[in-house]
Amino acid sequence: MSGLIQQADISQLKDIVEPPSASVLPLATPIWIILIVLIVGLSMAVIYGWRSHLRRKPLRYAQQALNQLEQPTVKEITFIAKRAALVYFPRQEIAPLSGRTWLEFLGANEQQHAELLANADRLLFQPGHSDWVEQYRQLVADWVGQSPRRLTRHV
């Protein structure tokens, strides 16, 4: 039995070599694809957000101007609304609007704004009527508060 088992010579043994530690790079192909998709998606979201922010800028200015009016007049409110409308619509479409057609353009309907629509000419061309002026200011504020996409859809 002792003849079959040979003792290993310690001098012939080699030192144990540890493998190098795993590196983070190079990444596997699926991980690269996921990273590229995430970067592209994030970039598109940032670009979309920025464009949306810029598209709403005139409406934010109009909203701010409406809020700064202490004693609003119909003329001041109309000026703010038409200035904002000219950003999103051609001048040929906005310029001829007045009275009832202007109020309907702003989204006035018979259910909510019947009195305002019935007295549109008196409201827009005669001073006074503070209740109607406040209703008109609220109508314009609601119109300005819409998103630009929704704003241009109803026309």
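Just so it is clear, none of the values below were taken in a lab; they were calculated from the coordinates. Model, not experiment: these values are computed from the prediction. Glycine also receives a Cβ, built like all others from the backbone with ideal geometry; neighbour counts cover every protein chain displayed.
Observations, loosely collected:
- Note on region 57-155: Rg/Rh from C-alpha atoms, Kirkwood Rh, equals 0.93.
- Under the convention that each Lys and Arg Cβ holds +1 and each Asp and Glu Cβ holds -1, the size of the dipole of the chain around its Cα centre is about 680 debye.
- Candidate cross-link partners of K57 among the lysines, defined by an alpha-carbon separation under 21 Å and a same-chain spacing of 8 or more, comprise K82.
- Short-range pairs are left out: with C-alpha atoms under 8 Å and at least six residues apart, the relative contact order of region 18-152 is 30 percent.
- Of all complete DSSP H helices in the chain, those with a Cα span along the helix axis of 18 Å or greater and a mean Kyte-Doolittle hydropathy of -1.0 or more are 29-68, 74-88, 130-144.
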